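Single-structure report; data block below.
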Amino acid sequence: MLPYPFPGPFDYRVPAELAVQPGDVVLVPLNRREEVGVVWDGVPDGAGNGAGDHGVPERKLRSLIAVLDTPRMRPDVRRLVDWIASYTLSPPGVVMAMALRVVSPDSSRAPSGWCVAEALAESGSPESGRVESGRLKTGPSESGPPESVQPMSGHPGSGLTPARRRVLAALADGLPRSAGELARVAGVGSGVVRAMAQAGLLAPAMVPSRAPFEPPNPDHPGPLLSTAQAEAAAVLCHAVAGGEFSVTLLDGVTGSGKTEVYFEGIAACLRAGRQALVLLPEIALSSQWLDRFESRFGVAPAVWHSDLSSRTRRITWRAVAEGGAQVVVGARSALFLPFPDLGLVVVDEEHETAFKQEDGVVYHARDMAVVRARLCSAPAVLVSATPSLETVANVEAGRYRRISLPTRHGGASLPGVAAIDMRVTPPERGKFLAPPLIEAIRETLVRGEQAMLFLNRRGYAPLTLCRHCGHRMACPNCTAWVVEHRVRGSLQCHHCGHAIPIPPECPACGAAHSLTPVGPGVERITEEAAARFPEARRLVMASDTMPGPEAAAAAAHAIEAREVDLIIGTQIVAKGWHFPHLTLVGVVDADLGLAGGDLRAAERTVQLLHQVAGRAGRAEAPGQVLLQTFTPEHPVMQALVAGDLDAFMAREAAQRRPGHWPPYGRLAALIVSADHAAVADGLARELGRAAPSGDGVTVLGPALAPLSILRGRHRRRLLLKTRREIAVQPILREWLARVKVPHGARVEVDVDPVSFL
Ligand code: ADP
Ligand code: ZN
């Protein structure tokens, strides 16, 4: 299997001197190049693209070049690749590339020490270092260190100087040593070691680095669990002890201590000597989680995300493969790590759309985590205070177990939520904070407590308009208005990143100083708050003001240390933060997520706003939440005010069930894109003509995508909807096979779409 979008694996001849097994990372010829691939096995997918004899005549086969010194890709990872490729209709090589990037062939390490040369050792085992095609080849080992060294035999000692003999004696235990250590232990100068290496008496070898991760201690004293927490923890521990696949929804109100509960599941996993994986939606915003882990287990966990340095990546990857990293907390890509003994998979904030990867291979990490758990026969735990309707439906269908924590930890009460009717008490002209919210902030600050303003929009203003001619500043590459970022003095497209300086005159009519901002972003709210509360210490939490984990951790510390009075932020503030002195949350525009309403707009708005609200009043002082809305009668606002999410979800379910909308039916989107509108239209029409039909199968579209131009490409959408018992993949495969995609055009497949843009 090569890491490219071919439909399946290729056939190669295995030269007699190379023994290969499935999963081996190998070097093969492809055209005039050498490429890294993985020896593949497995059954063909629905498109017949699996491994096996493809009937290529013997004389046409080219030979493998070498087996690389990289631990083999594990069978469960290979099956995960097959599964994701087949489910998402992605070329398997492209999915495999994600796992290979994790394996990264550069993980073959440079030798860092010396062992006794093979010629001197009694038995040359296939495990000892051997050079093939100019590359160090070491033995196949799925988990253990590949560079094991044979103990030296007695015979070569004769005829050596005493110094050299002492060096060989120092290696008699078979463990390789660095040159410096060897010289020290043998009591010789480093020149002796160097000379022996030159003479071929010593061979280069890998010195295993010191275990990079301290083992987390399950018996490190943790918090005393409440009865409800202890009962929930017992269910998880039981699932871990069972060592079987299962899925449990851990559902509990915000601040109920869900983290502490699943930490007990992790502790049970550690006591059983097995590994645990925790997926978090945004690892960069997880400083508090990491602190919490360390206070529970005494050490930090291994962390995995795409921004690790390649060195850390290599060390972590090896430690996972060798079992030295017992708990890994990571982003989506951690799913592909080579755990030899995975005993528990946790997906925290399972409702988060950040788990859906939208480019490249389009997959949902929560769902694939469940697949990974099944492939490893491990229990999966999905955690959320606002579970997705998908997960709730799985509970109701009996596929998932549910455990609930109904109250906040330590007697804290859930915050009171009230709506501010913006039609009744509107803000002052040109302002965005209504008088009741301003009053509540004032009272909070007077009490010495912290307040938070939430607006899910970066920048200063979402729209810039010419007062003179009405021209709206748009992105030249996308169907989108550009967003003013006043601090940076630019207008930016939030879809493609295009940025221009704010022009001094209208580009359409030339009027000077006529461009005016319309609507608020967090920068503008911050400006208004600064004018209202000049003495309050403010902190803006948005992805552009707080880039990277360090900035986020510093912000969290500043808030915990009460160095901040007023927090103004985007959806970042809705994450699982625990700020004990925060008692007021103001939602600047509660209606924002409902506009343009896709399938899950209401569900997502309830989840997001409930999560933000859940930041208030998590300790002794009670919390208060105010929602600024023009539609206080909307079921979303009613559900939030009443705090009755279950009723809201039941209502959502009742609305989606009759039409077979997810999770009571299946969806797959086709996104057509092309450089020219006519090409996109032509292809979309052709897909429309070739559309499948039948009982329980519906195709909607083609239609202009809401983002009808993105990065200069014209986009059209079609949506396949089937009843739940009808799989979309075979239908999609047949459908796509009926249509020829012209040059310059593309069809992307999005199974279980989350975004409809
Ligand atoms: P959730 O994830 O359910 O919102 P957390 O796990 O963040 O809740 O817990 C909220 C706070 O309460 C955290 O600071 C946590 O450490 C604390 N906490 C939870 N359970 C206990 C307990 N049994 N003893 C002491 N502190 C606890
Ligand atoms: Zn753009």
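Only the coordinates and a few stated rules stand behind these numbers; no lab work does. Predicted, not measured: the structure shown is a model, and the values here were computed from it. All Cβ positions, even for glycine, are placed from backbone atoms using ideal geometry, and neighbour counts span all protein chains on display.
HIS220 to THR353: extension gain in nm, 0.36 nm per residue of separation minus the Cα-Cα distance?
44.5 nm
If a paramagnetic tag sat 7 Å from the Cα of ALA561 along the Cα-Cβ line, which residues of segment 446-466 would have the backbone N under 16 Å from that point?
Those under the cut-off are none; the list is empty.
Just need the relative contact order of segment 275-370 here, percent rounded to a whole number, with Cα pairs under 8 Å and 6+ apart.
38
Note down the relative contact order for the chain as a percent, whole number, built from C-alpha pairs under 8 angstrom at least six residues apart.
10
What is segment 477-558 by shape, rounded, prolate or oblate, if you read a ≥ b ≥ c off the alpha carbon gyration tensor as root eigenvalues and call it rounded for a/c under 1.5, prolate for a/b larger than b/c, and oblate otherwise?
oblate
Within segment 222-380, what percent of beta bridges assigned by DSSP are antiparallel, to the nearest 5?
10
Normalising by the residue count of segment 366-449, find the relative contact order in percent from Cα pairs under 8 Å and 6+ residues apart.
After rounding, I find 11 percent.
In a shell of Cβ-Cβ distance under 13 Å around GLY593, excluding GLY593 itself, what net charge do Lys and Arg (+1) and Asp and Glu (-1) give?
With Lys, Arg at +1 and Asp, Glu at -1, the neighbours total -1.
Neighbouring Cβ atoms within 10 Å as the yardstick, rank HIS581, HIS351 fewest first.
HIS581, HIS351
Taking 51 Å as R0, compute the FRET efficiency from the Cβ-Cβ separation of HIS743 and THR161 and round it to 0.05.
Result of the calculation: an efficiency of 0.10.
Can you check what the net charge comes to around ARG685, using other residues whose Cβ is under 14 Å from the Cβ of ARG685 (Lys, Arg +1; Asp, Glu -1)?
Net local charge, ARG685 excluded: +3.
Efficiency by 1/(1 + (r/R0)^6): what FRET value for TYR664 and GLU35, r their Cβ-Cβ distance, R0 = 45 Å, to the nearest 0.05?
0.50
Quick one: grab the alpha carbon gyration tensor of segment 247-368, order the square roots of its eigenvalues as a ≥ b ≥ c, and give me rounded if a/c is under 1.5, else prolate or oblate depending on whether a/b is larger than b/c.
Verdict is rounded for segment 247-368.
Could you tell me the center-to-center distance, by alpha carbons, between segment 465-529 and segment 716-757 in angstrom?
Spelled out, the Cα-based centre of one part sits 36 Å from the other.
For segment 418-427, what does the Karplus curve 6.51 cos²θ - 1.76 cosθ + 1.60, with θ = phi - 60°, yield as ³J(HN,Hα) per residue in whole Hz, taken in order and with x for Gly and Pro?
Listing the rounded values in order: 9, 9, 9, 7, 5, 7, 8, 10, x, x Hz.
Given a Förster radius of 56 Å and the C-beta distance between VAL697 and GLU181 as r, what FRET efficiency does 1/(1 + (r/R0)^6) yield to the nearest 0.05?
0.25
Just grab the label-to-label distance for GLU550 and GLU535, each label 7 Å out from Cα along the Cβ direction, in nm (one decimal).
Using points 7 Å along Cα→Cβ, the separation is 3.5 nm.
Measure nothing fancy, just the Cα-based angle from helix 548-560's long axis to the longest principal axis of the chain, in degrees from 0 to 90, nearest 10.
The answer is roughly 60 degrees.
Residues with beta-carbon under 11 Å from that of GLY696, excluding GLY696: net charge, scoring Lys, Arg +1 and Asp, Glu -1?
Local net charge: +2.
Roughly how many whole Å is it from the C-alpha centroid of segment 378-445 to that of segment 190-253?
The distance from the Cα centre of segment 378-445 to that of segment 190-253 comes to 35 Å.
Name the long-range amide H neighbours of ARG13: under 5 Å, sequence gap of 5 or more, or other chain; modelled H, no Pro or chain starts.
ARG62, SER63, LEU64
Do the sum for the chain: with -39,500 (n - 2.57) for every DSSP H run of n ≥ 4, divided by all residues, what is the mean residue ellipticity at 222 nm, to the nearest 500 deg cm²/dmol?
Theoretical 222 nm ellipticity from helices: -8500 deg cm²/dmol.
Out of all DSSP beta bridges in the chain, what portion is antiparallel? Express it as a percent rounded to 5.
Around 55 percent antiparallel, to the nearest 5.
State the extension gain, in nm to one decimal, for the chain segment bounded by ALA690 and HIS238, taking 0.36 nm per residue of separation less the distance between their alpha-carbons.
157.6 nm
Can you pull the one-decimal nm distance between simple spin-label points at ARG429 and ARG711, each 7 Å off the Cα toward Cβ?
If labels sit at ARG429 and ARG711, their model points lie 4.5 nm apart.
Find how much the distance from GLU17 to GLN655 grows on full extension, using 0.36 nm per residue of separation minus their present alpha carbon separation; answer in nm with one decimal.
223.3 nm
Rank by packing, highest mean first: peptides 469-482, 334-347, with packing defined as the count of other Cβ atoms within 10 Å averaged across residues.
334-347, 469-482
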